[in-house]
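Engineer: Sharing a structure here in structure tokens format.
Just so it is clear, none of the values below were taken in a lab; they were calculated from the coordinates. Values in this document were obtained by computation on a predicted structure and should not be read as measured data. Cβ coordinates were reconstructed from backbone atoms using ideal geometry, including for glycine residues, and neighbour counts include every protein chain displayed.
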Amino acid sequence: MIPGTFDYFRPRSVAEATKFLHKSKNASVLAGGHSLLPMMKLRVAAPSALVDLAGIAALRGIKKVGGNIVIGAMTTQHEVLASALIAKHVPLLHEAAQLIADPQVRYVGTLGGNVANGDPGNDMPAVMMALDATYKITGPTKRRAVKARVFYKGLYETALKSGEIVTAIEIPVPGKHGFAYEKLKRKIGDYATAGAAVVLTMKAGKVSACAIALTNLGATPLLADAAAKALVGQAPDDKAIGAAVAAARAIMDPANDTRGTPEYRKSVGGIYVERAIRCAIAAAAG
Amino acid sequence: MSKVHVKLKINDQEMEGLCEPRTLLVHFLRENLSLTGTHIGCETTHCGACTVDLNGKSVKSCTMLAVQAQGANVTTIEGMANADGTMGALQEGFRQMHGLQCGYCTPGMIVRAHRLLQENPNPTEEEIRFGIAGNLCRCTGYQNIVKAIQHAAAKLRGEEFLEAAE
Ligand SMILES: Cc1cc2nc3c(=O)[nH]c(=O)nc-3n(C[C@H](O)[C@H](O)[C@H](O)COP(=O)(O)OP(=O)(O)OC[C@H]3O[C@@H](n4cnc5c(N)ncnc54)[C@H](O)[C@@H]3O)c2cc1C
Ligand code: FES
Ligand code: FES
């Protein structure tokens, strides 16, 4: 399996990359290549040119800037896992990175590629929605920022416009909170059959803030807003959790594929939402 | 399609070749440079038979373009023996513990285990299993592969591994 022909370009700066992308008709950004190259080998993707971001130093690194953790788009999952800053301030991200693929894929696959890919099977988008992250984007003429919660438009469809590159991911450091990423997979290294990310704060025995997001349970990652609202202001007893799970299930619309039928995936999807909520509550209380 | 001149360091030797941008690293190694120790199993990024060490990371060379490896420092199974030609600790471990049967997965397993032991010289059994999760073996059932890696880890630490192969 060999990809079709293409031109290869390795710019040294973001400006050079966006300029090239803008003037070329059907060019793609190449990050780790661990979603794009498999698709090119299957000839599902056939870009005329690849713009490899690997030579742009400005796209790497993990920093704390004020109340935010800022992660360069070309930071690999392996680097995310090795970062003490992330483990301390956004442990949910650490936990989720561990559940992605296998060591070889994590050494090469990038955070930027994972969030920009637009595949509902990717784990990081739901995590970024739960954390209310913002994607920093640079285009040929201007820069902008888009919240993860409004970035995903459809299957492989995102808010990115032609010529735009995600340069960094900015995550507001949550205060004391409980968190969980629960992922059902057929085997280690697999994409999610169903996944749920929960970030939650408790105050005086009640849930004071909550965000829930879902992986691979629809054409895009899903923010389960109604499910989170069902918990806020409540003592998290079986009734409140049951209402949250029902609200999350109501927005699930998973594909019928090798990972199961929609009925099965909605069923286990609810179970994984419940597990993630209970886990986050236990962590928030502890 | 015009060809690209790719230069890299493989097993401490400068090597180069001409290839199209679409040439995968594994094909470049095997076909341009005649380093056929690195195997192709699935070609779909799942089995790990094609694993090489690239700038201190284990990568699946069927899912990397040769042009992406421009200037890189690569170690393949051909670079795993000791300088005097005797078997390296991992090769010896796989021999002693019967860590292979058909041997198809072995180059990838050994190259991956090499990086694992660089990062964690004293891994638990669980850490070994998690660390080789990207490498499939259809023969051994993994038990003796884990022991082979433990054997090598002990040897590299100057200790003796006392368990027998399954
Ligand atoms: C065997 C295997 C198992 C896997 N399992 C999982 C899993 O369990 N969970 C999971 O989440 N992922 C999984 N993946 C996917 C992996 O995490 C990919 O690395 C990731 O989806 C894409 O990151 P990348 O850096 O490889 O991006 P690429 O493949 O290089 O790019 C992916 C897409 O995003 C675009 N893109 C990349 N970077 C940018 C950027 N900075 N700005 C704009 N566009 C950009 C590219 O043009 C392309 O369209 C798996 C992959 C493999 C091969
Ligand atoms: S041949 Fe590369 S992972 Fe199987
Ligand atoms: S020894 Fe045959 S595949 Fe591993």
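Engineer: Sort out for me the Cα centre separation of the stretch A:16-56 from the stretch B:136-166, rounded to whole Å.
Structural biologist: 41
Engineer: Give the order of B:C105, B:C47 when sorted by the count of other beta carbons within 10 angstrom, beginning with the fewest.
Structural biologist: Numbers: B:C105 26, B:C47 22.
Neighbour counts put them in this order, fewest first: B:C47, B:C105.
Engineer: Anyone know which of A:I56, A:I86, A:I241 comes out most mobile in the 10 Å Cα GNM of chain A?
Structural biologist: A:I56
Engineer: Also, I was wondering about something else. Could you list B:V6, B:V146, B:V59 in order of exposure, starting from the residue whose Cβ has the fewest other Cβ atoms within 10 Å?
Structural biologist: Values: B:V6 24, B:V146 21, B:V59 29.
With the sparsest Cβ surroundings first, the list reads B:V146, B:V6, B:V59.
Engineer: How big is chain B on each of its three principal axes, counting only the C-alpha atoms and giving the largest first in Å?
Structural biologist: 56, 32, 24
Engineer: I would also like to ask the following. Specify, per residue and in Å³, the volume enclosed by the convex hull of the alpha carbon atoms belonging to the stretch A:1-65.
Structural biologist: Details: hull volume 6.3 nm³, N = 65.
Per-residue hull volume (Cα only) is 97 Å³.
Engineer: Treating cross-link reach as a plain straight distance, find the lysines whose alpha-carbon is under 22 Å from the alpha-carbon of A:K64, omitting any fewer than eight places away in the same chain.
Structural biologist: Within reach: A:K88, A:K136, A:K147, A:K176.
Engineer: Considering only DSSP beta bridges whose two residues both sit in the protein assembly as shown, what percent are antiparallel, to the nearest 5? Could the numbers behind the result be given before it?
Structural biologist: Numbers: 55 of 64 bridges.
Taking every DSSP beta bridge within the protein assembly as shown, about 85 percent pair in antiparallel fashion.
Engineer: Please compute the Kirkwood hydrodynamic radius over the stretch B:4-79, one decimal place, Å, based on all pairs of different Cα atoms.
Structural biologist: Working: mean 1/r = 0.0839 Å⁻¹.
Taking every pair of different Cα atoms in the stretch B:4-79, averaging 1/r and inverting gives 11.9 Å.
Engineer: Taking a ≥ b ≥ c as the square roots of the eigenvalues of the Cα gyration tensor of the protein assembly as shown, is the shape rounded (a/c under 1.5), prolate (a/b larger than b/c) or oblate?
Structural biologist: Judged from the Cα gyration tensor, the protein assembly as shown comes out oblate (a/c at least 1.5, b/c at or above a/b).
Engineer: Rounded to the nearest 20 Debye, what is the dipole magnitude of chain B about its Cα centre when Lys and Arg each give +1 and Asp and Glu each give -1 at the C-beta?
Structural biologist: Numbers: 15 positive and 18 negative charges, 92 e Å.
Roughly 440 debye, rounded to the nearest 20.
Engineer: Neighbour counts of other C-beta atoms within 10 Å: give me B:H5, B:H27 arranged from fewest to most. Walk me through the intermediate numbers first.
Structural biologist: On the way: B:H5 10, B:H27 19.
The most exposed by this proxy come first: B:H5, B:H27.
Engineer: When a/c is below 1.5 the answer is rounded, else prolate if a/b is larger than b/c, else oblate, so apply that to the stretch A:234-274 with a ≥ b ≥ c taken from the square roots of the Cα gyration tensor eigenvalues. If you can, show how the numbers build up before the last one.
Structural biologist: Working: a/c = 4.36, a/b = 2.76, b/c = 1.58.
Prolate, because a/c is 1.5 or more and a/b exceeds b/c.
Engineer: Another one. Any idea how far apart A:R275 and A:I2 come out in nm if each label point goes 7 Å out from Cα toward Cβ?
Structural biologist: Roughly 4.4 nm, to one decimal.
Engineer: Another question about this same structure. Working from Cα positions, state the angle (0 to 90°, nearest 10) between the long axis of helix A:262-285 and the longest principal axis of chain A.
Structural biologist: Long axis of A:262-285 versus the principal axis of chain A: about 70 degrees.
Engineer: Now a separate question. Roughly how big is the protein assembly as shown's charge dipole about its Cα centre, with Cβ charges of +1 (Lys, Arg) and -1 (Asp, Glu), in debye to the nearest 20? Mind showing how you got there, number by number?
Structural biologist: Working: 50 positive and 39 negative charges, 328 e Å.
Dipole magnitude for the protein assembly as shown comes out near 1580 debye.
Engineer: Among A:M128, A:T76, A:I62, pick out the residue whose Cα is farthest towards the positive end of the charge dipole of the stretch A:60-172, where Lys and Arg carry +1 and Asp and Glu carry -1 on C-beta, about the Cα centre.
Structural biologist: Of the options given, the answer is A:I62.
Engineer: Now for a different question. Taking the stretch A:51-99 as the region of interest, what is the percent of Cα-Cα pairs per 10 angstrom bin, listed from the shortest bin to the one with the maximum distance?
Structural biologist: It works out to 26, 53, 20, 1, in whole percents.
Engineer: Further, regarding this structure: When the convex hull of the C-alpha atoms of the stretch B:89-156 is computed, what volume per residue in Å³ does it have?
Structural biologist: Given the Cα convex hull of the stretch B:89-156, per-residue volume reads 68 Å³.
Engineer: For chain A, what is the relative contact order in percent, using Cα pairs closer than 8 Å and at least 6 residues apart in sequence? Before the final figure, lay out the partial values.
Structural biologist: Numbers: 646 pairs, mean separation 43.6, N = 286.
Across chain A, relative contact order equals 15 percent.
Engineer: Here's something else I'd like to know. Need the C-alpha centroid separation for the stretch A:133-190 versus the stretch A:231-286, integer Å.
Structural biologist: Here the two parts' Cα centres lie 22 Å apart.
Engineer: Straight-line reach from A:K229: which lysines have a Cα under 17 Å away, not including same-chain ones fewer than 8 places off?
Structural biologist: Qualifying lysines at Cα under 17 Å: A:K203, A:K206, A:K239.
Engineer: Can you tell me, using C-alpha contacts under 8 Å and at least 6 residues apart, the relative contact order of the stretch B:4-79 as a whole percent? Let's see the in-between values first.
Structural biologist: Numbers: 152 pairs, mean separation 29.4, N = 76.
Worked out over the stretch B:4-79, it gives 39 percent.
Engineer: I would also like to ask the following. What residue among B:A49, A:P91, B:T36 has its Cα farthest toward the positive end of the dipole of the protein assembly as shown, where the charges are +1 on Lys, Arg and -1 on Asp, Glu, each on the Cβ?
Structural biologist: A:P91
Engineer: A further question on this structure: Note the angle between two axes, namely the Cα long axis of helix A:238-251 and the longest principal axis of the Cα atoms of chain A, as a number of degrees from 0 to 90, rounded to the nearest 10.
Structural biologist: Long axis of A:238-251 versus the principal axis of chain A: about 30 degrees.
Engineer: Please name which of A:T193, A:L53, A:A145 has its Cα lying farthest along the dipole of the protein assembly as shown towards the positive end, using unit charges on Cβ (Lys, Arg +1; Asp, Glu -1) and the Cα centre as origin.
Structural biologist: Among A:T193, A:L53, A:A145, the one farthest towards the positive end of the dipole of the protein assembly as shown is A:A145.
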